[in-house]
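Worksheet: one structure, shown below.
Quick note: the coordinates plus some simple rules give every number you see, no bench work behind them. Everything numeric in this text was worked out from a predicted model, so none of it was measured. With ideal geometry, Cβ positions are generated from the backbone for all residues, glycine too; neighbour counts draw on all protein chains shown.
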Amino acid sequence: MTYQILAEEGRAKRAHMETVHGIIETPVFMNVGTVAAIKGAVSTDDLKEIGTQVELSNTYHLHVRPGDGIRSGDQLIKEFGGLHRFMNWDRPILTDSGGFQVFSLAGLRKIREEGVTFHSHIDGRKIFMGPEESMMIQSNLGSTIAMAFDECPPSLADHEYMEKSVARTTRWLARCQEAMRKLNGQEDCVNRHQLLFGINQGGISEEIRIRHADEIREMDCDGYAVGGLAVGETAEQMYHILDVTVPKLPREKPVYLMGVGTPANILEGVERGVDFFDCVYPSRNGRHGHVYTNQGKRNLFNKQYELDPRPIEEGCGCPACRFYSRAYIRHLLKAGEMLGMRLCVLHNLYFYNTMMYEIRSAIENGCFAEYKKKKLEGMEAKG
Ligand SMILES: [Zn+2]
């Protein structure tokens, strides 16, 4: 893996990262395909057409499904030759560690030093996951970038709990590194060049965040994520944590802000030195007929679009806007037709991917601050 900063403006960076599955130009928005598919009937061919660079899949979801009762889902995918082959995607994939889902989705859990015992949200069966298990699952999937297994404590957890939790996350990171080193050395490993990103935690405590960042930067990960944000704190609190944390992470390595966010959140993150983003908003909003434009968000269910012959956004080059009117897409959405959702999801992901392209160009041309101001002003206007 090589990571090279091509241009900078303030703390914002425009970089080029080479991986075994191809190049990632950052800042980048990863398109979230929880169970190895983007919700809204979007295929991997579609992803290429709308400019997707990195697909993000979910370790926890792929572990519990498509298992067959004998094998877990990830074992089945390994037998198939890995996730890239399974889903027909030859570009980079990032897998999350499962930590976030274990702490947010799974039922009744018990956290110990070894890991977490919880119940599957599919069939209720008991599952144990610790750093070694998470690394094994991600190795079976053969993703380009694996994420460390961490505890994602509620951002408003009390100080004492947060300190204990973060200390455990650091010990878990060391175990993840050791496990991955062994797995990458095995002969039948799907991707022997799998990379590992460590995760900074600490809620909204400046002190814990900084101390944790100092600790994990010494551990020489391939990249670093800031986790546990966008989970209930205000946007200002999130920006403040980025202001104090990102400068503590190595500048010459990629930085990933997990689960974020709105176009405005992304612009603020880029300004603070973030490279990678992911979020379910564009696909989730698209499935509900909410579409992003440079003049703000539109709800295509609104009656005002009933006879509107214009595309979702004039001038947009996405597969929805090139061929279909607001009136037709509104009709599809109201009739519950899958195509309506699909077109809105394609438009929204294209909007995000295009914004990232514009951000990269703006940093290269030294006009990111100006771009950000204009973009925000446009989106805040009523469309
Ligand atoms: Zn469009």
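Laid out as a table, the results:
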| read-out | value |
| --- | --- |
| Alpha carbon convex hull of the stretch 176-298, projected area averaged over orientations, nm² | 9.5 |
| The stretch 262-380: translational diffusion in µm²/s, Stokes-Einstein, Kirkwood Rh over Cα pairs, 25 °C, 0.890 mPa s | 166 |
| Projected label distance in nm at R192 and K297, using a 7 Å step from Cα toward the beta-carbon | 4.7 |
| For the chain, built as a Gaussian network whose Cα springs stay under 10 Å, the top-fluctuating residue of D68, D214, D278 | D68 |
| In Å, descending, principal axis extents of the Cα set of the stretch 55-125 | 37, 26, 20 |
| Simple Cβ-charge dipole of the chain, Lys/Arg +1 and Asp/Glu -1, about Cα centre, in debye nearest 20 | 1020 |
| For the stretch 311-342 versus the stretch 160-204, the gap between their alpha-carbon centres in whole angstrom | 42 |
| Efficiency of FRET between E160 and S104 - r from beta-carbon atoms, R0 22 angstrom, step 0.05 | 0.50 |
| Dipole of the chain, positive direction: furthest Cα of I210, I312, H159, with charges on the beta-carbon | I312 |
| The stretch 18-49 residues near the modelled N365 label - backbone nitrogen below 17 Å, point 7 Å along Cα→Cβ | 27 |
| Inter-label distance for Y239 and E380, nm, one decimal - labels placed 7 Å from Cα along Cα-to-Cβ | 1.0 |
| Amide H contacts under 5 Å for F276, placed H, 5+ residues apart | V28, V255, Y256, L257 |
| Distance in nm between pseudo-label sites at I70 and A327 (7 Å out along the Cβ direction from Cα) | 5.7 |
| For the stretch 117-191, the spread of Cα positions along each principal axis, largest first, Å | 45, 32, 17 |
| Residues whose placed amide H lies under 5 Å from that of D222, excluding near-sequence neighbours | L196, G198 |
| Per-q log10 I(q)/I(0), the chain, q = 0.06, 0.09, 0.13 Å⁻¹ (Debye; single scatterer per alpha-carbon; no solvent) | -0.22, -0.52, -1.09 |
| Using a Förster distance of 22 Å, the FRET efficiency for K126-V35 (Cβ separation, nearest 0.05) | 0.55 |
| Potential lengthening between A167 and E8 on full extension [0.36 nm per residue; Cα-Cα distance subtracted] | 53.9 nm |
| Computed helical MRE - 222 nm, the chain, DSSP H runs ≥ 4 contributing -39500 (n - 2.57), nearest 500 | -12500 deg cm²/dmol |
| Charge sum, other residues only, whose C-beta stays under 13 Å from A230's C-beta, Lys/Arg counted +1 and Asp/Glu -1 | -4 |
| Karplus-derived 3J(HN,Hα), 6.51/-1.76/1.60, for each residue of the stretch 199-205, Hz, glycine and proline x | 10, 7, 10, x, x, 9, 7 |
| For the stretch 247-313, average projected area of the Cα convex hull in nm² | 5.5 |
| Set of the stretch 341-381 residues, backbone N closer than 18 Å to the point 7 Å along the Cα-Cβ line of Q304 | 378-381 |
